[in-house]
Amino acid sequence: MGSDAMLIDLVTPVLRSLGEGGRRIVPVVLIALLMVLLGANRASAQFDFTGSWGPIGTEDVQNDSLPVDYLGLALTEEGRTRALAYDESQKSMLERQCQGWGAAYAVLGPFGLRASTQIDPATNKVVSYTIDSWEDWNGLTIWMDGRPRPSQYALHTQEGFTTGKWEGGALTARTTHMKVGFIRKTGVPLTDQATIDWRFYRHDDVMTVVMIATDPVYLVEPEIVSKSFRLSPRPLDYRTPCVPGYEGREPGDGVPHFAPDKNPFADEFIKFYSLPKEAVLGYPETLYPEYRKKIKATYVPPPPCKEACGQAGNFVRRREN
Amino acid sequence: MRRGLAAFALCLSVSVTAQAQTARDTAPIDLTGYWVSYVTENWRYRMVTPPKGEYRRIPASPAALPIINGWDPVADEKAGNQCKSFGGAAIMNVPGRLHITWQDANTLRIDTDAGTQTRRLHFAAAPLNAKPQAASWQGDSAARWERTSSTEGGSSLRVVTTNMRAGYLRKNGVPYSERTTMTEHFDVSALPQGGQLLLVNIVVEDPTYLNAPYVTSPHFKKEPDGSKWDPTPCSSTW
């Protein structure tokens, strides 16, 4: 028996005994009862997703940005080899400058999120949420109207195809149909078989976005990144279009790359911070506390920080060196 | 009139019954069990001790800088302060395992194997005449469920912690003061390939050593049992 039915069974005989006069106060009593039972702490099942969400930036999601840095990733041998072959100069090629980054860059990039809602004018129901693109990201449309996922042979794009629904207090979504892309700007790859599951939570004026990326080819375990954003009183505007320009690569030049075992930057990040090689190269065991205990005896801390000690991003140090 | 009073008494009695349910009885999500840190973010700040003097990503105030630059783990150890980086505002980011249990019907308990710390999250308010507690590493935590009204359930645990002893946000001596307030939300969701994920969103506010709130969101995977539970004492260097 449900709690509602129990309540009716409990209350009905008493109401009968009250007579006409007592019944007059019933609406007042029921409203009071309802208020008590609902309690003061209930939040809406859905939160207002729309608006501008500024990045908080107190978490390091991809250590920005030395070339060989795969910390916090669980890579397969194939994924590691492919990543070590990557040369950032690829992004200087005219035809790749405006390629943009894939869906994962929503939480890996440094920008905020500007979200809008599209409503079906006939039914007034939400059809989709859109997170607008910025210069080097293609945005994300989350379809909320229950449309089916396309065939696995359908067109794959940088943005992919995303459907969403409200579960409890969170917006959950799944992205498939992405092009071959990256899970880090440092060249760590994702295949077109990858899937990204999203969780959007809002607490007060902070929205936390959790990305769970799964790739059967390049990831041994899912890559989980959570990034928080704060509701911004001012609208964000990142829509500057990408304009390709000459960056030292001529049309027809080959694609810059390294032989995986000859990447000249393989030790750079390791040396900066005295980090263990297997952690920087994304071995799965390095994501768990046991690994911390394993390296305790051998870890040699780097020398004290002297400059730019509070600025985010290793590129700060790199420029200075 | 008497009938009116009887109805009001009935209403009150039903409401008291509803209110008398404990936090454990009304828990909309199950946080109990063993959880392991899955360190995919802030790796360099969590899995190893960062360089002395570095405080990237933490909005440290000018007042914090002398403490950051003067960090002396040997002195901390000698003074019995080796748990400074295992205090309430830092502990959820320290890689390790959580064991979450109900200590009683209105107190959720979190034990950590890293640093062997215990947090008690109190759903029932302390009596008005209760004696003020001395500040402690884990402070005083007031908890409440934040429910959604959706039919499929889903909810969050909100915890506000104060009265913590001054400690470190990071192992390398980035400080927080005794005036710190920490607000946390615990959310649980299913992982796509099975298992559960616990996300803890943490907002640390310190009028002394922070210029802005310090927000982190460590996450944990659920484990089937405590076979990997491995308590270790606090250390000022690791």
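No lab work stands behind these numbers, since they all come straight from the coordinates. It should be emphasised that the depicted structure is a prediction, and the values quoted were computed from it without experimental measurement. Note: ideal-geometry Cβ built from the backbone for every residue, glycine included; neighbour counts use all protein chains shown.
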- [ ] Could you check the simple spin-label distance between A:Thr298 and A:Tyr153, using points 7 Å along Cα→Cβ, in nm with one decimal?
- [x] 5.1
Open item on the list: Which of rounded, prolate or oblate describes the stretch A:126-184 when judged by the alpha-carbon gyration tensor and an a/c cut-off of 1.5?
Closed with: oblate
- [ ] Go through B:Ser236, B:Ala190, B:Pro213 and say which Cα lies farthest out towards the positive end of the charge dipole of the stretch B:173-238; charges sit on Cβ, +1 for Lys and Arg, -1 for Asp and Glu.
- [x] B:Ala190
- [ ] Please state the charge dipole magnitude for the stretch A:87-193, taken about the Cα centre, from unit charges on C-beta atoms (+1 on K and R, -1 on D and E), reported in debye and rounded to the nearest 20.
- [x] 260
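Please compute the contact order of the stretch B:88-238 in relative form: average sequence separation of alpha-carbon pairs under 8 Å and at least six residues apart, divided by the residue count, as a percent. The partial results should precede the final answer.
Values: 300 pairs, mean separation 28.9, N = 151.
With pairs under 8 Å counted, the relative contact order is 19 percent.
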TODO: Pick out, from A:Val243, A:Pro233, A:Pro276, the residue whose Cα sits farthest towards the positive end of the charge dipole of the stretch A:226-276, with +1 on the Cβ of Lys and Arg and -1 on the Cβ of Asp and Glu.
DONE: A:Pro233
TODO: Compute from the Cα atoms of the stretch B:98-238 the Rg and the Dmax, the latter being the longest Cα-Cα distance, and quote both in angstrom.
DONE: 16.3, 50
- [ ] Sort the stretch A:105-211 into rounded, prolate or oblate with this rule: let a ≥ b ≥ c be the square roots of the eigenvalues of the Cα gyration tensor; rounded if a/c is under 1.5, and if a/c is not under 1.5, prolate when a/b is larger than b/c, oblate otherwise.
- [x] oblate
TODO: Please give the helix B:2-20 orientation as an angle from the longest Cα principal axis of chain B, in degrees from 0 to 90, rounded to the nearest 10.
DONE: 30
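With the radius of gyration and the Kirkwood radius both derived from the Cα set of chain B, what is their ratio Rg to Rh? Present the calculation step by step, with values, prior to reporting the outcome.
Numbers: Rg = 20.3 Å, Rh = 19.4 Å.
In chain B, Rg relative to Rh is 1.05.
Would you mind checking the pairs A:Lys294/B:Lys52; A:Lys293/B:Lys52; A:Lys271/A:Lys294; A:Lys227/B:Lys221; A:Lys262/B:Lys171 and listing those with alpha carbons more than 27 angstrom apart?
On the way: A:Lys294/B:Lys52 22 Å; A:Lys293/B:Lys52 21 Å; A:Lys271/A:Lys294 20 Å; A:Lys227/B:Lys221 17 Å; A:Lys262/B:Lys171 35 Å.
The answer is A:Lys262/B:Lys171.
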TODO: Report the label-to-label distance for B:Leu128 and A:Lys262 in nanometres (one decimal), using points 7 Å from each Cα along the Cα→Cβ vector.
DONE: 8.0
Task: Percentage relative contact order, the stretch B:169-216, counting C-alpha pairs under 8 Å, at least six apart - done: 35
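Neighbouring Cβ atoms within 10 Å as the yardstick, rank B:Thr181, A:Thr240, A:Thr186 fewest first. Walk me through the intermediate numbers first.
Values: B:Thr181 17, A:Thr240 9, A:Thr186 22.
So the ranking, lowest neighbour count to highest, is A:Thr240, B:Thr181, A:Thr186.
Could you give the size of the charge dipole of the stretch A:204-321 about its Cα centre, using +1 on the Cβ of each K and R and -1 on the Cβ of each D and E, expressed in debye and rounded to the nearest 20?
Details: 16 positive and 17 negative charges, 105 e Å.
My answer is approximately 500 debye.
Quick one: compute a quarter of the convex hull surface over the Cα atoms of the stretch A:175-230 and quote it in nm². Walk me through the numbers on the way to the answer.
On the way: hull surface 16.5 nm².
Across all orientations, the stretch A:175-230 yields a mean hull projection of 4.1 nm².
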TODO: With r as the distance between the Cβ atoms of B:Ala212 and A:Asp192 and R0 = 41 Å, compute the FRET efficiency 1/(1 + (r/R0)^6) and round to 0.05.
DONE: 0.55
Task: Hz values of 3J(HN,Hα) by residue in the stretch A:180-188 - Karplus curve (6.51, -1.76, 1.60), Gly and Pro given as x - done: 3, x, 9, 9, 9, 5, 7, x, 6
- [ ] Write down the radius of gyration of the stretch A:210-256 and its Dmax, each obtained from C-alpha positions, in Å.
- [x] 18.8, 47
Task: Other-chain or far-sequence residues with amide H under 5 Å of B:Gly87's (modelled H) - done: B:Tyr168
TODO: Only Lys, Arg, Asp and Glu count, each charged at its Cβ (+1, +1, -1, -1), so figure out the dipole size of chain B about its Cα centre, rounded to 20 debye.
DONE: 300
Open item on the list: Let me make sure I get this right: for the stretch A:166-321, a, b and c are the square roots of the gyration tensor eigenvalues over alpha carbons, sorted descending. Under 1.5 in a/c it's rounded, otherwise prolate if a/b > b/c, else oblate. Which is it?
Closed with: rounded
Task: Length-normalised contact order for the stretch B:51-168 - Cα pairs under 8 Å, 6+ apart - percent - done: 21
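Starting from the Cα-Cα distance between B:Arg24 and B:Thr101, subtract it from 0.36 nm times their residue separation and give me the gain in nm to one decimal. Please list the in-between numbers first.
Details: separation 77, 0.36 × 77 = 27.72 nm, distance 1.02 nm.
Taking 0.36 nm per residue and subtracting the Cα distance, the gain is 26.7 nm.
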Open item on the list: Can you find, among A:Val210, A:Thr172, A:Ala154, the residue sitting farthest towards the positive end of the charge dipole of the stretch A:106-230, where Lys and Arg contribute +1 and Asp and Glu -1 at Cβ?
Closed with: A:Thr172
